[in-house]
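One structure is given below, encoded as structure tokens.
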Amino acid sequence: MAVVTKAFASSADLERKVETFTELADGVYALTAEGDPNVGAVEGEDFVVCFEARATPVAARRWLDLLRERTDKPVRYLVLSHYHAVRVLGASAFDAQEIITHETTRELIAERGEADWASELGRMPRLFEEPDSIPGLTRPTLTFTDRMVIPLGGDRGDLVLAYCGRGHTAGDIVAWLPKKKILFAGDLVEAKAALYTGDAFHDDWATTTLDAVAAFGAETLVGGRGAVAQGTEAVAAAIAQSRHFLDELRRIVGEVHRRGGTVGEAFRATHTALEPEYGRWPIFEHCLPFDVQRYWDELDGHDWPVVWTAERDREVWAALQEGR
Ligand SMILES: [Zn+2]
């Protein structure tokens, strides 16, 4: 009898997604792709700021080709919301004058960039279009810890880069356009997509960090994955959905941990609870084992996330699918 096993992470997800280019306001753009990582761009008077870089230069160039139909201004700043490979390794395609991240992201790239590259390539091979086009790790040229303001020139106002606290990683930043009330939230908020929390700080994220994200009062929000949230109701719903996912995961994994159960039991219980609401959304099955393992590690007292390597990915995946 054949044994049916769940394919590892997103390794069986090989069908190209439909990409949607949207002009959110005059000179403000986003590209979404049915749950694949989103990217964005903001025009200044004589330059462009790009937000996120995609997994490879080849994948980034397809986005830049669309952007070039609207503007030929040079990319002065490439802003990376956090260190994950599928968002940063396409950076060389932008020829940006400066690559901006949070200071902690610079440290995380130094500490675990190589391991994360191998891990993400194994988990999401489809996103790594022509992986040989990646020249090496992406490292920032400019970092900050709390806030950085980029004046856009003319009457375009500012682009504010801000740190909201520990969340999806230790060093996530968001990009905020006060004049247009548009927020690029990176992976701190997902709109109708599951959350990846394998490198997260669940308790901070679900409380003070999401509070800080909500406090911008955005009327348009581009999350890390999923459709653009348009209007205050949709923005609130995306933030609430992200918080609910975290709250449920914390509650259920916390219960099993407190009663001295196993991480495999915590995974099964969390899957049962979240599957009806989140199961049909992108990368739910892919993320959940890594999410549960990370929160379990946090409860065990590992404040700093254990590095995911290609090997650890497979071990944790196999153990949790078998319910160990
Ligand atoms: Zn991420």
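The values are calculated or read from the model by the stated rules, or taken from the named source; none is laboratory data. Being a predicted model, the structure only gives us computed values, none of them experimental. Neighbour counts are summed over all protein chains in view; Cβ atoms, including those assigned to glycine, are modelled from backbone coordinates with ideal geometry. We work out accessible area using only protein heavy atoms, side chains counted, and drop any ligands, DNA or RNA first. Shrake-Rupley method; radii C 1.70, N 1.55, O 1.52, S 1.80 Å.
A few comments on the model shown:
- Convex hull volume per residue for the range 217-324, taking Cα atoms only, in Å³: 121
- Computed extension length for residue 203-residue 139: 20.2 nm, one decimal, from 0.36 nm per residue of separation with the Cα-Cα distance subtracted.
- Sparse-neighbourhood loop sites, chymotrypsin sites (Phe, Trp or Tyr not before Pro) in the range 215-277 - DSSP loop, at most 11 other Cβ within 10 angstrom: none
- Residue-normalised accessible area of the range 19-321, expressed per residue, 1.4 Å probe, Å²: 37
- Extending 7 Å from Cα along the Cβ direction at residue 132 and again at residue 240 yields two label points whose distance is 5.1 nm.
- Calculated P(r) tail over 13 Å for the range 31-101, as whole % of Cα pairs: 60
- Accessible area per residue was computed with a 1.4 Å probe on protein heavy atoms; residue 21 scores about 50 Å².
- Carbon plus sulfur fraction of accessible area for the chain, probe 1.4 Å, in percent: 50
- Extension gain, residue 158-residue 312: 0.36 nm per intervening residue step, less the Cα-Cα distance, totals 51.2 nm.
- Computed magnitude of the charge dipole of the range 19-321 (debye, nearest 20; Cβ of K, R +1, Cβ of D, E -1): 200
- Amide H within-cut-off set for residue 36, under 5 Å, with H built and near neighbours excluded: 226
- Between the C-alpha center of the range 36-64 and that of the range 226-251 there is a gap of 24 Å.
- Hydrodynamic radius by Kirkwood, which averages 1/r over all alpha carbon pairs of the chain, in angstrom: 19.8
- Label-point separation in nm, residue 322 to residue 23, each point 7 Å along Cα→Cβ: 5.6
- Over the range 150-301: Kirkwood hydrodynamic radius from C-alpha pairwise inverse distances, Å: 15.9
- Cα-based shape type of the range 1-130, given that a ≥ b ≥ c are square roots of the gyration tensor eigenvalues and the cut on a/c is 1.5: oblate
- For residue 6, solvent-accessible area (1.4 Å; no DNA, RNA or ligand), Å²: 90
- Spherically averaged projected area of the convex hull of Cα atoms, the range 195-256: 4.3 nm².
- With a simple spin-label model that places each label point 7 Å from the Cα along the Cα-to-Cβ direction, the separation between residue 8 and residue 255 comes to 3.3 nm.
- Kirkwood hydrodynamic radius computed over the range 86-177 comes to 14.7 Å, based on all pairs of distinct alpha carbons.
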